[in-house]
Amino acid sequence: MSPKPASRIEAASGQAWAGCLGRAAGSNSVSWLHLGFAAIDGLILLQVGLERRLEAAAILTAVFLATPLSNELINRSLASIGIEIAEAVRVAWNLGDALLVGHLTGWGMGAGAYLLLLIVGSGVLLTPSSLWRGAVLWGGTLVVAALDGGTPIRWLPLGAGTAAAFFLIRDQSKVIAQMLDEAVAGRGEIERARRELGAIHDAAVRQEKLAALGMLAAGIAHEINNPMSFVGSNVSLLHRELKALPTLPEPLREWVDEILPETLDGIRRVNSIVADLRRFARNDRAEMEPFDLNEEVEAALRIARLQVKGSCALVRDLGPVPQLLGRPRQISQMLLNLIVNAAHALHGRDRGIVTVITRRAGDEVLVAVRDNGVGMDESTRARLFEPFFTTKPVGEGTGLGLAVVHGVVADHGGRIEVESAPGAGSCFTVRLPCQPTHVPAPESRPTGTWRLDAIQIRAAGA
Amino acid sequence: MARILVVDDDPLVGKALSRLLRREGFEVAIASDAAQALVMLDGFTPDLVLSDHRMPGMTGAELLALVRRRHPGVLRLLISGDAERAPSVAGDPDLEFVAKPWDGPALVARLRGMLSPYDAFGEREVTL
Ligand SMILES: Nc1ncnc2c1ncn2[C@@H]1O[C@H](COP(=O)(O)OP(=O)(O)OP(=O)(O)O)[C@@H](O)[C@H]1O
Ligand SMILES: [Mg+2]
């Protein structure tokens, strides 16, 4: 074979077939040479033989061609393959050919975008397949004209001076590449759908986990709250009464000056954790009232300024937003938690910026808190909203900030989305409905009811 | 001397509240649920009912709504750890509310403010 077809075959994404029949005229006999060539994914198959009878050679060629053509990929195609030993005398055909020419049976369903032509004699051959521009057998040389618009390939005759029967081939690179693309795109589509389903499932599992934790938190908060209320009341009463005494025996001085204030501080800390847990568990049944989101952002920023003490820039980009119905104190608490987290993520970085953005988006209002800080990895993103999940050292974080945020968002019938990647900063976007779809009626039963709402957590840029 | 009826299903909460209030010069009685409170309203005749919200049986808000109807002259204050504001009960919009855990001096000041016309000692000053 000339180098050209070889290079074409190489270019053919590893799939090409060729078969040919040749008349080898010796001094006292005539035999038929059959030759098959296939290159599939780097594997090269070659079949060569001599047969007395033309039919045998033709069938062997056909069988050869049929074998690789049974490739599943090729099966999808309905292009025609057939072998003709004389005009209208076909010895083999495939489904595509059968459809095209009208035969009802074939040698297998293995179809391909392959056209096999067997030419006996000479003349102009016009192939039945539109894949071909045409082939001309001329002067014992088969010229396959303009395959794929490329340069014509010349094939030398096999038998000396004899018009050889021939056929071949088609560089399937385009068709196959296209089929592969489709297959890959199809797989991509399936993969994407699978990933989406997976994400929804993960979110549901997370949500369920949070719901269960919420119930637990509500129960614990209530159970702790009562004893803490009388412990606190009694201890502070004791402190006040001791302090009011005109003289105090020396050992009691330390109690008044140190031990009881420290104890009260501990009680206050427990109370604030319990209050956070309760906010996470959303069993605050205070009624909703109209509020201005931008005002709450300003309020949260004022408090945040005191806490971050100029360690980073706090920028606000507040768009016009309609009045919302909700619990403004919870909303500003939520914003404060997000802003403080963002500021922590910027710790020790120069040019740290926390941006708070509000916008109206259709029938939702969104508020986003964005930072260009350390960002989060997958495992952190997955557990963010769990109460007591923290990556901060003991004493620095309780891990309730985002649990409270989650509770507040859920309570307002909203959604929260997180976009973050390590080193790429984080953005928490809260979407609140302009018209709350559920305004939980204040009710007296202890456990908060949980609603499935969507938490979306994505890697940044995904 | 003003009389306060404390209603709480947790006896230690009731005792802590009454201890605090007694020291401030109030006369205090404790009921452990709404049913008992309703009986004591007639016997003890309080000036003010300070009730926990979440209790078995009738809730504090329901109890105080009933007090408003049956004893219009009696003041009412709900105490609860469950909310930031008083849960609303139909037909009872002006229920006052204090959060649990309470702050002793603030609670006392609040009660004095509410009770001032009733306060036998006329004490208005706030101990903080
Ligand atoms: N903007 C952010 N950038 C990077 N990581 C964040 C960001 N916000 C939250 N995180 C991660 O999520 C964890 C949980 O946050 P959360 O606010 O719930 O608790 P915390 O900040 O650790 O403690 P607390 O808020 O109770 O003081 C943090 O420890 C941190 O790892
Ligand atoms: Mg935090």
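Between the stretch B:97-112 and the stretch A:339-401, the C-alpha centres lie 35 angstrom from each other.
Shown are A:215, B:114, B:58, whose ranking by accessible area with a 1.4 Å probe and every protein chain present, most to least, is A:215, B:58, B:114. Taking Cα centre as origin and charging only the Cβ of basic (Lys, Arg, +1) and acidic (Asp, Glu, -1) residues, the dipole magnitude of the stretch B:3-127 rounds to 160 debye. Per-residue Karplus couplings for the stretch A:293-298, computed as 6.51 cos²θ - 1.76 cosθ + 1.60 with θ equal to phi - 60°, are listed in order as 4, 4, 5, 5, 4, 4 Hz, Gly and Pro entered as x.
Measuring only protein heavy atoms, the 1.4 Å probe finds residue A:391 accessible over about 100 Å². Think of it as helices only: each DSSP H run of n ≥ 4 in chain B is worth -39500 (n - 2.57), and spread over all residues that comes to -11000 deg cm²/dmol at 222 nm. Within the stretch A:344-389, which trypsin sites (Lys or Arg not before Pro) sit in a loop by DSSP and count at most 12 neighbouring Cβ atoms inside 10 Å? Listed in order of number, the matching sites are A:351.
Distances between placed amide hydrogens fall under 5 Å for residue A:364 paired with A:434, all partners being 5 or more residues away or on another chain. The GluC sites (Glu not before Pro) of the stretch A:347-409 meeting both criteria, a DSSP state outside H, G, I, E and B (loop) and at most 12 other C-beta atoms within 10 angstrom of the site's C-beta, are A:396. Fully extending the segment from residue A:396 to residue A:254, taken as 0.36 nm per residue of separation minus the present Cα-Cα distance, adds 48.3 nm. In this structure residue A:306 has an accessible area near 130 Å², from a 1.4 Å probe over the protein heavy atoms.
Taking all protein chains as they are arranged and a probe of 1.4 Å, the heavy atoms of residue A:209 leave approximately 100 Å² accessible to solvent. When exposed loop sites are taken as GluC sites (Glu not before Pro) in a DSSP loop with at most 15 other Cβ atoms within 10 Å, the longest stretch of chain B clear of them is B:1-122.
Taking Lys and Arg as +1 and Asp and Glu as -1, the other residues whose beta-carbon sits under 10 Å from that of residue A:322 total -1.
Less than 5 angstrom separates the built amide H of residue A:400 from those of A:388, all sequence-distant by 5 or more or on a different chain.
What is the extension gain from residue A:264 to residue A:237, computed as 0.36 nm multiplied by their sequence separation minus the C-alpha to C-alpha distance, in nm to one decimal? Present the calculation step by step, with values, prior to reporting the outcome.
Numbers: separation 27, 0.36 × 27 = 9.72 nm, distance 1.07 nm.
Once the chain is fully extended between residue A:264 and residue A:237, it gains 8.7 nm.
Chain B contacts chain A over a buried accessible area of about 2300 Å², both sides summed; the probe is 1.4 Å and only protein chains count. Computed from backbone phi with θ = phi - 60° and the Karplus coefficients 6.51, -1.76 and 1.60, the 3J(HN,Hα) list for the stretch B:41-56 is 4, 7, x, 7, 6, x, 7, 9, 10, 10, 10, 5, 8, 8, 9, x Hz; x is used for glycine and proline. With every protein chain in place and a 1.4 angstrom probe, the accessible-area ranking of A:357, A:303, largest first, reads A:303, A:357. Counting only protein chain heavy atoms and rolling a 1.4 Å probe, the accessible areas of B:33, A:411, A:363 rank, largest first, as A:363, B:33, A:411.
The values are calculated or read from the model by the stated rules, or taken from the named source; none is laboratory data. All values reported here derive from a predicted model rather than from experimental measurement. As a convention, Cβ positions derive from the backbone with ideal geometry for all residues, glycine included, and neighbour counts pool all protein chains shown. Note: areas computed on protein heavy atoms with side chains; ligands, DNA, RNA excluded. Shrake-Rupley method; radii C 1.70, N 1.55, O 1.52, S 1.80 Å.
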